[in-house]
Amino acid sequence: MTKKFAKEVSIAVAEAVAQCKVDVISAYPITPQTHIVEHLAELVNNGELDAEYIPVESEHAAMSACIGAAATGARTFTSTSAQGLLLMYETLFIASGMRLPIVMALVNRSVSAPISIWNDHSDVMSMRDAGWIHFFAENGQQAVDLIYHAYKVAEKTLLPVAVNIDGFILSHVVEPVTFLDQNLLDKYLPPLKIKYKLDPKNPITIGAIGVPEIYTEAKKAQDEALKASYKIILQAWKDFEKLTGRKYLPVETYQMEDAEVAIVIMGSLAENAMNAVDILRAKGKKVGVVRIRLWRPFPTKDFLKAIGKVKTLCVVDRAVSHGATGGPVGIEVRSALYQSNKRPRVLNLIAGLSGRDVTKEDFVEIFEKTFETLTKKPTTPYEIYGVKE
Amino acid sequence: MRPELKNFKGFTLKNLPEYEGFAQGHRACQGCGTVLPLRLALKALGPNTIAVTSTGCMEIVSSPFPYTSWNVPWIHVAFENSATVASGIEAAIKALKRKGKLKSKEKINVVVFAGDGATFDIGLQWLSGALERGHDFVYICLDNEAYMNTGVQRSGATPFGAHTTTSPAGKIIKGQTTWKKNLMGIVIAHNIPYAATANPAFPIDLMNKVKKAALVNGPAFIHVYATCPTGWGTKSEDSLLTAKLAVETRVFPLYEVIDGKYIINRKVDKPKPVEEYLKIQRRFRHLTPEQIAYIQERVNQEYEKLLKLAESFGETQTEQKDE
Ligand SMILES: Cc1ncc(C[n+]2csc(CCOP(=O)(O)OP(=O)(O)O)c2C)c(N)n1
Ligand code: SF4
Ligand SMILES: [Mg+2]
């Protein structure tokens, strides 16, 4: 029997990491990631998790240590947020370029300035192009499950994986979660075996110079690997569904069958958007939600399928891409649509910056705003929603 | 004395290993005195070693894909973070051994090779963290006294008065205006079990220090004086002569600090004047007599300080044969 526990999501994430039998953890504290790394330290110091915990002096060092450990063949974990991610930045590209299966719980928080500890997606969007696989969790159960999937996928693809968990509004809430039975998990996630690693018995060189004659090819190979990860991710989710009955898809939908307008969103605010759908459906409005679970590699086909026959999409971004033609997700969506004959109107709102609440009532309003675009084209490519005048 | 070093059997000219961890065919300049100590260190460590190298000359000359000079497993990650990459490797070895996933009875040496820029400047925080956490690894700083790889810019290790491309000998400001950072002092303040200075003109001494560094449990640090004919404006064939003069003039004394105790390995009772050392290097050719006098005075002071430290432990010289 699988038991349900009421757990703070951060604690549940830490326990899922421990269940994955990581060998090396390296992290530096930052709000709102702290509860995850504190709980892991506790598990190690209480002898409940057999791992080396490296309490480094910065996030750059956290990722550096993970790189060293992963290159030696260890299963590694780190976690950070916002400023920590930015301090790590240089090494994020190195981890993926070296094809190291590192897993990170990225507890999403706004980036300074102004400094703020609250939630949005400005941190993760800064590493959009760093070559990592990105999952977005909506609730505690998903956060736990996606940690299991992250290791499975990272180790099959030899690519690093980030599990995005909204800071506070997801990381710090108590939710009911079910953990995968350890025996089942051990079968799902066999011990890590890496062929190319730092081993005196079989010396190899890692991190050689990419001279111009080879750099392009190296990048092409890496890009192909990230694209090819798509199938591996689907398989990992199918295998998981067989074990648990819990289904994961690159793009998930809510009431999209006959939707005329839909919200596109990533992360935990999707739940509020779905509540707004229920309110509006009760009034006979044809609305739905498209929830992007897999952000990188971007699942264009799944996305195009998911939007059905909508007339307007409202992409709700949680980050500003200063000077660009939209928010990061908005840009991505427009680019995906250009590959298709479908041309719904796109309204791009940037909302919920730095933990500003976007309630179900707000989403109702956003839907109403979206309905207006059926007759009137949006006047700007994007809009920052809810600005106080 | 540290138990790990109790029965220490050093290298002599008669028992030098034939093993090379660093292959010929690398792309270092002629007479490079930075690659030489690196090669000697790997010789001392042997094949059961994992090496990490910071971005810099030694990384560049050894790894233009698809070629490699490294006969040991090797990784280069970035400029500043080698000490932490080594921390991760060491932690992985520990965890994997404990869990029975890595079967190696012998100790696997984890060694870092990093330049002065990587160590004194940009990577100091990473180094400090790794030393403080007590990882079992050897950090070798190959100090050629400037950022050579990017075209001879000054670092915190560049000696007073030296011309570099960012401390040029100008009409008004003549070269580096600051004294070399006391990195050994900083390292020793971390209370690590073993720290030493070494110099490729004293190869056996250098190799023995590397061996000791690998034997002790916990972090070990070796500050290696490394010459760079290209950056210093010395003749390639004078690389070792310059290195030898650095010791004979007391500019770069050879010593060890074992569990906090200072031991001078080579007392220099009759030092040669520093001018002899300075005049064979173009980076110092603009120096005024006043600047040279200042350097001489400061070198004397620093050496006196070191002597006092060593005397306070009642030990000033250990047996060491090199010629
Ligand atoms: C973060 C970062 N800043 C700057 C550089 C450029 N850079 C590469 S090597 C180097 C200097 C290396 O100097 P040092 O550590 O003394 O090694 P050397 O080449 O002198 O042996 C610099 C500035 C870099 N690679 N990374
Ligand atoms: S520039 Fe100097 S340190 Fe670099 S390879 Fe040439 S001689 Fe050696
Ligand atoms: Mg240098």
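Each reported figure results from applying straightforward, stated rules to the coordinates on display, with no laboratory input. Keep in mind that what you see is a predicted model, and the values were worked out from it rather than measured. No Cβ is skipped: glycine too gets one built from the backbone with ideal geometry, and neighbour counts run over all protein chains shown.
Points worth noting:
- Tilt relative to chain A, helix A:9-19 - C-alpha long axis, 0 to 90 degrees, to 10: 40 degrees
- Dipole of segment A:215-317, positive direction: furthest Cα of A:L294, A:A259, A:A276, with charges on the beta-carbon: A:A259
- Violating pairs (Cα-Cα greater than 24 angstrom) within the set A:K3/A:K360; A:K197/B:K101; B:K181/B:K279: A:K3/A:K360
- Per residue of A:94-101, other chain Cβ atoms within 10 Å of the residue Cβ number 1 on average.
- In loop segments of segment A:142-200 as defined by DSSP, the trypsin sites (Lys or Arg not before Pro) with at most 16 further C-beta atoms inside 10 Å of their C-beta are A:K193, A:K195.
- Local net charge near A:H134, Cβ-Cβ under 13 Å (Lys/Arg +1, Asp/Glu -1): 0
- Take each residue of peptide B:96-108, count the partner chain Cβ atoms within 10 Å of its Cβ, and average: the result is 3.
- Cα-based helix-to-principal-axis angle, A:34-45 vs chain A, degrees rounded to 10: 30 degrees
- Charges were assigned to the Cβ only: +1 to each Lys and Arg, -1 to each Asp and Glu. The resulting dipole of chain B about its Cα centre is roughly 600 debye.
- For segment A:4-244, size of Cβ-based charge dipole, Lys and Arg +1, Asp and Glu -1, in debye: 820 debye
- Shape of segment A:245-381, Cα gyration tensor, a/c cut at 1.5: rounded
- In this simple spin-label approximation, A:K376 and B:S128 carry label points 7 Å from Cα along the Cα→Cβ vector, and these lie 5.9 nm apart.
- Of the GluC sites (Glu not before Pro) in segment A:226-335, those whose Cβ has at most 10 other Cβ within 10 Å and which sit in DSSP loop: A:E257
- Helix-only CD estimate at 222 nm, as mean residue ellipticity for chain A, using -39500 (n - 2.57) per DSSP H run (n ≥ 4): -13000 deg cm²/dmol
- Acute angle (nearest 10 degrees) that the helix B:82-98 long axis makes with the longest principal axis of chain B, alpha-carbon atoms: 20 degrees
- Chymotrypsin sites (Phe, Trp or Tyr not before Pro) within segment A:136-219: DSSP coil, no more than 15 neighbouring Cβ in 10 Å: A:Y196
- Calculated [θ] (222 nm, deg cm²/dmol) that DSSP helices of n ≥ 4 give over chain B, each run adding -39,500 (n - 2.57): -9500 deg cm²/dmol
- Equivalent-ellipsoid semi-axes of segment A:167-281, from the Cα gyration tensor, Å, largest first: 39, 23, 15
- A simple packing score, the average count of other Cβ atoms within 10 Å per residue, orders the peptides A:128-134, A:171-177 as A:128-134, A:171-177, with the highest score first.
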